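Data block below; observations after.
The values are calculated or read from the model by the stated rules, or taken from the named source; none is laboratory data. Keep in mind it's a predicted model, so treat the numbers as computed, not measured. Glycine also receives a Cβ, built like all others from the backbone with ideal geometry; neighbour counts cover every protein chain displayed. Just so you know, the surface numbers come from the protein's heavy atoms only, side chains and all, with ligands and any DNA or RNA stripped out. Shrake-Rupley method; radii C 1.70, N 1.55, O 1.52, S 1.80 Å.
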Protein chains: 2
Amino acid sequence: MTYCVALYLKDGLVMLSDTRTNAGVDHISIFSKMHVFEEPGDRMIALMTAGNLSLTQSVVALIQEGVELDGEVRTISSVNGMFQAAQLVGAAVRQVWKRDGHALKEQRVDFDLSIILGGQIRGDRVRLFHVYAAGNFIEATADNAFFQIGEHKYGKPILDRALTHNTPLEEGMKLVLISMDSTLRSNLTVGLPLDLIAYRRDSLKLETRRRIGEDDPCFKEISDGWSQALREAFRSLPPPKWAD
Amino acid sequence: MTYCVALYLKDGLVMLSDTRTNAGVDHISIFSKMHVFEEPGDRMIALMTAGNLSLTQSVVALIQEGVELDGEVRTISSVNGMFQAAQLVGAAVRQVWKRDGHALKEQRVDFDLSIILGGQIRGDRVRLFHVYAAGNFIEATADNAFFQIGEHKYGKPILDRALTHNTPLEEGMKLVLISMDSTLRSNLTVGLPLDLIAYRRDSLKLETRRRIGEDDPCFKEISDGWSQALREAFRSLPPPKWAD
């Protein structure tokens, strides 16, 4: 399984993914699910992937090699805006479906894939998309300021409560790490290390890129601090009155 | 969907269920998923059900009408211990499977059903079981002090962090209400009102039984208080240092 989360903030983007891939419990590997295409001054585009690894790796390869889009072959380095980038990823997904879909169906393997795509290209604004297995996609807005893929439920309550489009970038990093921490604790198929990026609007280069391992002191501080803060928050609430 | 949670505590049991049943988003009803069989001084047995309502209602009916168990017809009022109560529920599930399983399969409807069964019968200790759709069951222990059925992921992180077998009964009630509150906020198919019971070990009668509606001041206090406490806990944590 996988957990990836991306925040669409007034100040930019924050994206976090785990790295655990498993095909059964005794076949666990580390694969980065975070793919960054950065040309400082021109574009910063990041992709996070969930689902069948053979499918998502194919999509990531195709958008670099080139996919036909409206009669022209485009790559993630040549698309002229983030909407076109989303179309490119969608077209790559459909190409993989065309190639692998039938054979998977015959073996009763789901065409299981979902992708979060975020970034900014010079002349365009910051945009964040969620691309589905059919190659269609939706875009984040100020009202819907986050996307999650994979094992998303454990980490959703804190986002539902604490996130708005106006959350600052640093707070956003804290928030996705807490959301991930809840997921790591409750589901074994999501695992360290983590890949974190933060992008500040209009900078056209990454502000933060970080691989977070087990011994990362910052993550440990947030993880332990959050556990303690939660327990204290719990203790501080009065028990329901009808218990008296 | 449904969310039900039960705590197996040193002091007794706490059980909480929602009441929303939906067959599509425009067919939403209120059905109690909490069934209490109490004979003060002799037994307090409670069942919470998730899954296909036609199946779970049949199980609840059968355990009252009688099911054959080891050559004798037993009911939930005549079983002589909680282990036999779990066997009775399992046998009822299998009887429903025998009656409905084939027809459901032909219509491609899952035999979707799960049950939490908790209580105490005079001469026996407090026990808590999770009965599956095949009629088999597992029992809670001090190391695994809670069971959840239905939409369980949103409400699991706080249980993973704050619950132990030694949590007092009143704290347990607070905890399940917080766990439910997280679920209600993140998933529309789980809805108020709630049914809450608390049972104190060896009392052989319910200590608390409560239907909690939208305007319940205690639940509102916990829900609002928890939101605020969470936001404060979040604010109190420093942002990751690499953000500086």
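Total Lys pairs in region B:3-236 closer than 19 Å by alpha-carbon, pairs eight or more apart in sequence or interchain only? Kindly include the intermediate steps, with their values, before the conclusion.
Numbers: B:Lys10/B:Lys174; B:Lys10/B:Lys205; B:Lys33/B:Lys153; B:Lys153/B:Lys174; B:Lys156/B:Lys174; B:Lys174/B:Lys220.
Lysine pairs meeting both conditions in region B:3-236 amount to 6.
Over region A:3-238, what is the mean sequence separation of C-alpha contacts under 8 Å (at least six apart), divided by residue count, expressed as relative contact order in percent? Please list the in-between numbers first.
Working: 456 pairs, mean separation 64.2, N = 236.
The value is 27 percent.
Given contacts defined as C-alpha pairs under 8 Å and at least six residues apart, what's the relative contact order of region B:98-240, whole-number percent? Please report the intermediate quantities before stating the final value.
Details: 144 pairs, mean separation 21.6, N = 143.
For region B:98-240, the relative contact order is 15 percent.
If you add up the charges near B:Ala91, with Lys and Arg at +1 and Asp and Glu at -1, over every other residue whose beta carbon is less than 9 angstrom from its beta carbon, what do you get? It would help to have the intermediate numbers written out before the result.
On the way: positive: B:Arg74, B:Arg94; negative: B:Glu68.
After counting each charged neighbour, the total is +1.
Using only the Cα atoms, what convex hull volume per residue in Å³ does the protein assembly as shown have?
On the way: hull volume 80.1 nm³, N = 488.
Hull volume over Cα atoms, normalised by residue count, gives 164 Å³.
Between B:Ser227 and B:Asp143, what length comes free when the chain is fully extended (0.36 nm per residue of separation minus the Cα-Cα distance, one decimal in nm)? Please report the intermediate quantities before stating the final value.
Values: separation 84, 0.36 × 84 = 30.24 nm, distance 2.88 nm.
Contour length minus the Cα-Cα distance gives 27.4 nm.
Using a label point 7 Å beyond Cα on the Cα-Cβ vector, give me the inter-copy distances for B:Asp100 in nanometres, one decimal, shortest first.
3.9
With θ set to phi - 60° and the Karplus curve 6.51 cos²θ - 1.76 cosθ + 1.60, what are the ³J(HN,Hα) couplings of region B:216-224 in order, to the nearest whole Hz, using x for Gly and Pro?
Working through the residues one at a time gives 5, x, 5, 5, 4, 5, 5, 5, 5 Hz.
Note the full-extension length gain between A:Gln64 and A:His27 as 0.36 nm times their separation in residues minus their Cα-Cα distance, in nm to one decimal. Intermediate values should be presented prior to the final figure.
Numbers: separation 37, 0.36 × 37 = 13.32 nm, distance 2.86 nm.
Extending this stretch completely gives an extra 10.5 nm.
R0 = 35 Å: FRET efficiency of A:Asn136 with B:Ala103, Cβ-based, nearest 0.05?
Working: r = 36 Å, r/R0 = 1.04.
For R0 = 35 Å, the calculated efficiency reads 0.45.
With +1 assigned to the C-beta of every Lys and Arg and -1 to the C-beta of every Asp and Glu, and no other charges, what is the dipole magnitude of chain A about the Cα centre in debye, to the nearest 20? Can you show the working numbers first?
Values: 28 positive and 32 negative charges, 60 e Å.
Here chain A has a charge dipole of around 280 debye.
Of all the residues in chain A, which one has the C-beta that comes nearest the axis relating A to B, and what is the distance in Å?
A:Lys153, 2
Note the distances from B:Lys241 to each other copy's matching label point, with points 7 Å along the Cα-to-beta-carbon direction, in nm, sorted shortest first.
Here B:Lys241 shows inter-copy label distances of 4.7 nm.
Shielding by partners for A:220-226, please: the mean number of other protein chain Cβ atoms within 10 Å of each residue's Cβ. It would help to have the intermediate numbers written out before the result.
Numbers: counts 0, 4, 5, 1, 1, 4, 5.
Mean shielding by partner chains, rounded to a whole number: 3.
Using the Cβ atoms and a cut-off under 13 Å, what net charge is assigned to the surroundings of B:His35, where Lys and Arg are +1 and Asp and Glu are -1? Numbers along the way, then the final one.
Details: positive: B:Lys33, B:Arg209; negative: B:Glu38, B:Asp195.
So the surrounding residues net to 0.
Taking a probe of 1.4 angstrom, what is the accessible area of A:Arg210 in Å², to the nearest 10?
Accessible area, nearest 10 Å²: 90 Å².
Give, in nm to one decimal, the length gained when the segment between B:Arg125 and B:His165 is fully stretched (0.36 nm per residue of separation minus the Cα-Cα distance). Numbers along the way, then the final one.
Working: separation 40, 0.36 × 40 = 14.40 nm, distance 1.49 nm.
Extra length available between B:Arg125 and B:His165 comes to 12.9 nm.
Accessible area of chain A with a 1.4 Å probe: how many percent of it is carbon plus sulfur? Working shown, then result.
Details: 5050 of 10660 Å².
The computed percentage sits at 47.
Residues with amide H under 5 Å of B:Phe37's amide H, sequence separation 5 or more or different chain, H placed in the peptide plane at 1.01 Å from N; which?
B:Ile45, B:Ala46, B:Leu47
Relative contact order for region B:75-160: what is it in percent, counting Cα pairs under 8 Å that are at least 6 residues apart? Before the final figure, lay out the partial values.
On the way: 94 pairs, mean separation 23.7, N = 86.
Here the relative contact order equals 28 percent.
When all protein chains stay in place, what accessible area (Å², nearest 10, 1.4 Å probe) is found for A:Ile76?
Around 0 Å² of this residue is reachable by solvent.
Below 9 angstrom from the Cβ of B:His165, what's the summed charge of the other residues (Lys, Arg +1; Asp, Glu -1)? List each step's numbers first, then the result.
Working: positive: B:Lys10; negative: B:Asp143.
That works out to 0.
Could you calculate, for region B:3-236, the ratio of the Cα radius of gyration to the Kirkwood radius, expressed as Rg to Rh? Can you show the working numbers first?
Details: Rg = 17.8 Å, Rh = 18.2 Å.
Rg divided by Rh gives 0.97.
Return one number: the angle in degrees, 0 to 90 and rounded to the nearest 10, between the long axis of the Cα atoms of helix B:82-106 and the longest principal axis of the Cα atoms of chain B.
Taking Cα atoms only, the helix is inclined about 80 degrees.
Using a 7 Å offset from Cα along the direction of the beta-carbon, what are the separations from A:Asp70 to the same position in each other copy, nm, ascending?
Listed shortest first, these distances are 7.5 nm.
Using only Cα atoms, locate the centre of region B:194-244 and the centre of region A:108-164, then give the distance between them in Å, rounded to an integer.
29
What figure in square angstrom, to the nearest 10, would you give for the accessible area of B:Met1 with a 1.4 Å probe?
90
How many angstrom lie between the Cα centre of region A:43-92 and the Cα centre of region B:3-66?
49
Could you report region B:1-119's accessible area per residue, 1.4 Å probe, as an integer in Å²?
On the way: 5300 Å² over 119 residues.
Heavy-atom accessible area per residue stands at 45 Å².
For the interface of B with A, what's the total buried accessible surface in square angstrom, probe 1.4 angstrom, rounded to the nearest hundred?
Working: alone 12780 and 12820 Å², together 21290 Å².
For B against A, buried area totals roughly 4300 Å².
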